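> Submitted below is the structure of interest, expressed as structure tokens.
Nothing in this text is a laboratory measurement; each read-out follows from the coordinates by a stated rule. It should be emphasised that the depicted structure is a prediction, and the values quoted were computed from it without experimental measurement. Counting neighbours? That spans all protein chains shown, and the Cβs are built from the backbone with ideal geometry, glycine included.
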Amino acid sequence: MEWFKIKSEKDHDLLVVNNFIHRVDRIRDKTEYYKCIQNCYEQNHAILKNLKNKTDVILSKPHYHPTHGVKLANRGFRNKLKEELTQNPTKPVPKTFNEIRRSVITSGIEGATNSEVIDAIPVFTSIKSSGYRKKMKMIPPLPSKLSDLTIER
Ligand SMILES: [Zn+2]
């Protein structure tokens, strides 16, 4: 069983099992019960048990729909772009975008197949605005008056 945890946009725990994304349903003692983000069953879909020395995850019922691999790959791509722009705020966004595109095609994204990665790479125009917004926050505006400019001695 291949599984890992990620955070949702609202900072909730999500459990990814075999490329299906689940959200927390309830937690009882050391057992966490998750359900599919598509609600394909009411509850108890994926179960995570914290045992003494290891954590065990089971998928208690099958999902009768395609995996969330494309969603995961898309998320992975956007996170990489954000990380890269945070580390190199002066680097041009199109250049950064193309470098990440090349690198994810070569090395892949955790939990996604190659074709899912290709499907998930956003078109540049869809990512441009959020990419630039991110960049604007990173670079402080230039001082408009000479008196705004303080030089530390
Ligand atoms: Zn499902």
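> By average Cβ neighbour count within 10 Å, what is the ranking of 5-18, 72-85 from highest down?
Descending mean neighbour count gives 72-85, 5-18.
> What is the distance, in nm, between label points placed 7 Å from the Cα along the Cα-to-Cβ direction at residue 83 and at residue 123?
For the pair residue 83/residue 123, the computed spacing is 2.7 nm.
> When only alpha-carbon atoms are used, what values of Rg and Dmax, in angstrom, describe region 8-132?
17.2, 49
> On a C-alpha basis, how far is the centre of region 1-39 from the centre of region 60-96 in Å? Whole number, if you could?
18
> From the backbone phi of region 12-18, what are the Karplus-calculated ³J(HN,Hα) couplings (6.51 cos²θ - 1.76 cosθ + 1.60, θ = phi - 60°) in whole Hz, Gly and Pro given as x?
Rounded to whole hertz, the list is 8, 6, 10, 10, 9, 10, 6.
> Okay, next question. Suppose R0 equals 30 Å. What FRET efficiency, 1/(1 + (r/R0)^6) with r the Cβ-Cβ distance, do residue 4 and residue 90 give to the nearest 0.05?
That pair, residue 4 with residue 90, gives E of 0.35.
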